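Working notes, beginning with the structure itself.
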Amino acid sequence: MDSITSGNFTFTKTAIDGVLVVDNKQYGDARGYFMETYKRPDFLAGGIDVDFVQDNQSSSTQGVLRGLHFQINHPQSKLVRVLEGEVFDVCVDLRPGSATFGKWEGTLLSAQNHRQFFIPQGFAHGFYVLSQTAIFAYKCDDVYHPNDEGGLMWNDPALGVEWPLLPGVPLNLSEKDTKHPSFQEYKAARGL
């Protein structure tokens with residue numbers, strides 16, 4: 001995949017247009033490390049031109065799967081990363097007319113690899129916690145609208161997301177996440 005390096009960041013394109021993996025350069029010694037996690041001029045050079053307006057953080061335990069979520073009328077671009085632990089992060093292209101409509105992309109995010117994942121507007125998003133606990137942080141380019149939530153079935157065979165589920169670890173879903181429609185139902189409801 002093509003990559004662009006600007007400042008302390010390397011932006012790598014994925015198979016889905018607009019979705020980028022962002023690797024950060026760290027400066028460390030025996031005391032620990034320092035790194036930049038966002039710098040607008042470098043992100044612009046890397047192809048990310050959004051104005052982030054809200055930062056969120058969540059904590060989850062091993063086996064938690066959150067998703068696949070999106071906002072219906074107020075779509076959000078997201079820049080996500082893990083501060084503690086490890087997750088498998090996924091996005092699904094819901095942009096009508098996109099060559100990759102209904103396709104997914106995933107990457108491993110951890111406190112060790114310091115990787116970030118940029119997901120543009122028009123995607124469903126979710127993650128699965130691999131470590132004992134995980135602290136997940138993300139920047140959004142629109143505020144959260146609680147009455148604008150949408151979702152897709154996390155394990156819909158039509159999407160084919162290859163979640164790395166841990167053997168012997170019970171899957172932990174919210175009640176809401178057990179009731180999301182299939183991709184086919186989503187398309188039918190929108191006339192797609």
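The values are calculated or read from the model by the stated rules, or taken from the named source; none is laboratory data. Bear in mind that the values here come from a model prediction, so they are computed numbers and not experimental data. In this analysis, Cβ positions are derived from the backbone assuming ideal geometry, glycine residues included, and neighbour counts consider all displayed protein chains. Only protein heavy atoms, including side chains, enter the accessible area calculation; ligands, DNA and RNA are left aside. Shrake-Rupley method; radii C 1.70, N 1.55, O 1.52, S 1.80 Å.
Using the Karplus relation 6.51 cos²θ - 1.76 cosθ + 1.60 with θ = phi - 60°, the per-residue 3J(HN,Hα) values for region 37-43 come to 10, 7, 8, 3, x, 5, 5 Hz, with x marking Gly and Pro. The trypsin sites (Lys or Arg not before Pro) of region 111-192 that DSSP puts in a loop, and whose beta carbon has at most 12 other beta carbons within 10 Å, are K179, R190. The residues of region 109-192 present an accessible area of 50 Å² per residue when probed at 1.4 Å with all protein chains retained.
Looking at region 1-48, the accessible area is 59 square angstrom per residue; that uses a 1.4 Å probe and ignores ligands, DNA and RNA. When the Gaussian network model of the chain links Cα atoms closer than 10 Å, the mean-square fluctuations of F118, F52, F11 top out at F52. A 1.4 Å probe, protein heavy atoms only, puts the accessible area of Y144 near 110 Å². In this Cβ point-charge picture (+1 for Lys and Arg, -1 for Asp and Glu), region 28-80 has a dipole of about 180 debye about its Cα centre. For the residue pairs K103/K187; K13/K78; K13/K176; K25/K103; K39/K103, the C-alpha atoms sit more than 22 angstrom apart in K13/K176; K25/K103; K39/K103. Each residue, S3 and V53, gets one label point 7 Å from its Cα in the Cβ direction; the gap between the two is 3.4 nm. So, with a 1.4 angstrom probe, what is the percent of accessible area on the chain that is carbon and sulfur? Carbon plus sulfur share of accessible area: 50 percent.
At full extension, A158 and S174 could sit 3.6 nm farther apart than now, given 0.36 nm per residue minus the alpha carbon distance. Suppose the Debye formula is applied to equal point scatterers at every Cα of the chain; what is log10 I(q)/I(0) at q = 0.09, 0.16, 0.17 Å⁻¹? Once normalised to I(0) and log-transformed, intensities are -0.32, -1.05, -1.18.
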